[in-house]
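Data first, discussion second: the structure below is written as structure tokens.
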Amino acid sequence: MKLKTDFLQSIEHCQGFDKEAFIEAHHQTPVVSIRINQSKTLEQSVVLDDDNLLVKVPWCDEAYVLKDRPSFTLDPLFHAGAYYVQDASSMFLWQALTQVVGDSDGLKVLDLCAAPGGKSTLLSSYFENGLVVSNEVIKQRAAVLVENTSKWGAHNMVVTNNDPSHFQSLPQFFDVMVVDAPCSGSGLFRKDPSAMDGWSTDLVALCAQRQQRILADALPALALGGTLIYATCSYDPNEDEHIADWLVNEMGLTQQAIDINNYPGIVETAAPISKAPGYRFYPDQIRGEGFFIAAFKKEKEVGVALTSFKSKEAVLEKLTKKMQEQLAAVLPANDAVATFLQSGMIKAIPAVFESSILQLASQLYIKKAGVSVGELKGKDFIPAHEYALSYLPLKTFNRVDLDKEQALSYLRRAEFSCNGEKGWNLMRYNGLGLGWAKILPNRINNYYPQEWRILKV
């Protein structure tokens, strides 16, 4: 790969930049890393075999660098949400949260630019007793976000499809805000060399303007004393350190340092005016791709005029007593879980955040709230796909354990055979749910979502 001269010139004065080593790193194969879903009991697989786990990612629990890149698409455990494929550099978010936020219980968290979902699933694991709102403004990308967060299985996640300005209708609602802002993407050139074709200094300037707009629009929704984590996958200081200066000098945020003494290879930088610390990741110095991250605290209101926005989505309704009685037969009673209806679908959410989720639903476009459990049609219960993938316990359903060939046929929505009881059966692989099938006397109806099916042979 030949890196553009003007690109190299734009970052040659950046702290920690080693031109020769940087160029050499871009001739090497990108590193592959995964983060294991700690809430799902996991047996060994080819992908996660000890022989393929090279080293642990030092700054993130249960994350590993792989020796080789397997075919994730052809691993049923990938579709079961057993792990998430995520660049190791971006997983430094876990360490930033550990140091800057600390106690995670009961907090409300916004992942503002969330698709495809790597950071959202990480946030869900870190804030396992909190509420994570994952937002994506682009509708098509929001659909991908719904899929990936559904596979992760947590019921403490809400997916929204809103412009950042819409969050001004929720003043000081969130305790933590993560903004992995759209950027020029130079940190990912090694993974996607074609992205370099679109890079220019004009694009960097446009991205920097967009980043300021996104932050200014969203910051009113961050509580006083709340934490902002800002990140990009760009090397350019205009999108990194200069934005840090703007956050401190123009938006009134307070810089927060992160101790990196235990993580050799991460480069600490200082914004040119405020000296706000930021942290750079170069592929020649760490096992990961290009990344920038910085942390801030909001200690005073930024004085942005609030806009008024109200969702036109279907309202969330309480279940009737009869519905609750029917549901009790399939969803074990749990005081920690609350249920409600949205467009006929039963949703399960953390009971402690019920009022918060109802407030979100009144102001935002909700694509996913908690876990979709299923529908009641007369006396029948139709289980939702999300329910099969969730952490929620399943009470009365039969389970069918598939081998790999059967599982892949199921995931392709192809014909397959298995032994199971008549009626709804949970299809599993290595003990983890994949989805539903309905076994009839003369056939098996495959209910794996059509839009999620494996197309690769």
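The values are calculated or read from the model by the stated rules, or taken from the named source; none is laboratory data. Just so we're clear, the structure is a prediction, and the values are computed from it rather than from any experiment. Positions of Cβ are generated from backbone atoms using ideal geometry, with glycine treated the same way; all protein chains shown enter the neighbour counts.
Below is a table of values for the structure above.
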{"read-out": "The stretch 66-84 residues that are not assigned by TED's automatic domain parsing to the domain that holds ALA154, paired with ones that are in a loop (DSSP other than H, G, I, E, B) (beta carbon under 8 Å, 6 or more apart)", "value": "none"}
{"read-out": "Subset of the stretch 127-147 that is closer than 26 Å to PHE292 by Cβ and surrounded by fewer than 20 Cβ atoms within 10 Å (Cβ to Cβ) - its residue that is nearest to the chain's Cα centre (by Cα)", "value": "VAL144"}
{"read-out": "Members of the stretch 4-31 that are touching a strand residue (DSSP E or B) at 6+ places or on another chain (Cβ under 9 Å) and at pLDDT below 95", "value": "VAL31"}
{"read-out": "Strands (runs of 3 or more DSSP E) fully within the stretch 250-302 counting 1 or more residues that are more than 19 Å from GLY187 (Cβ to Cβ) and either modelled with pLDDT of 95 or more or in contact with a Phe, Trp or Tyr (Cβ under 8 Å, 6 or more places away or on another chain) (or both)", "value": "254-256, 267-270, 291-297"}
{"read-out": "Residue match in the stretch 359-374 (condition: more than 24 Å from THR121 (Cα to Cα) and of a type in the set (D, E, K, R))", "value": "no"}
{"read-out": "Residue match in the stretch 109-117 (condition: buried (at least 21 other Cβ atoms within 10 Å of the Cβ), assigned to a helix (DSSP H, G or I) and in contact (Cβ under 8 Å) with a residue 60 or more places away in the chain)", "value": "no"}
{"read-out": "Qualifying positions in the stretch 83-95 - surrounded by fewer than 23 Cβ atoms within 10 Å (Cβ to Cβ) and out of contact with any helix residue (DSSP H, G or I) (no Cβ under 9 Å at 6 or more places or on another chain)", "value": "GLN95"}
{"read-out": "Matching residues, the stretch 84-105, being modelled with pLDDT of 95 or more, within 16 Å of TYR126 (Cβ to Cβ) and not aliphatic (A, V, I, L, M)", "value": "TYR84, GLN86, SER90, PHE92, TRP94, GLN95, THR98, GLN99"}
{"read-out": "Counted residues, the stretch 187-206 - those being crowded, with 18+ Cβ neighbours inside 10 Å and either modelled with pLDDT of 95 or more or of a type outside the set (A, V, I, L, M, F, W, C) (or both)", "value": "6"}
{"read-out": "Residue selected from the stretch 148-195 under the condition in a loop (DSSP other than H, G, I, E, B) and hydrophobic (A, V, I, L, M, F, W, C), by the criterion farthest from LEU93 (Cα to Cα)", "value": "LEU170"}
{"read-out": "Of all residues in the stretch 429-456 being part of a loop (DSSP other than H, G, I, E, B) and basic (Lys, Arg), the one that is surrounded by the most Cβ atoms within 10 Å (Cβ to Cβ)", "value": "ARG453"}
{"read-out": "Residues (part of a helix (DSSP H, G or I) and crowded, with 24+ Cβ neighbours inside 10 Å) located in the stretch 222-244", "value": "GLU241, ILE243, ALA244"}
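So that you can scan it fast, the table gives a plain yes or no per residue for (1) small (Gly, Ala, Ser); (2) closer than 26 Å to ALA336 by Cα; (3) modelled with pLDDT of 95 or more:
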position: TRP152; (1), (2), (3): no, yes, yes
position: PHE173; (1), (2), (3): no, yes, yes
position: GLY185; (1), (2), (3): yes, no, yes
position: ALA208; (1), (2), (3): yes, no, yes
position: ALA221; (1), (2), (3): yes, no, yes
position: THR227; (1), (2), (3): no, no, yes
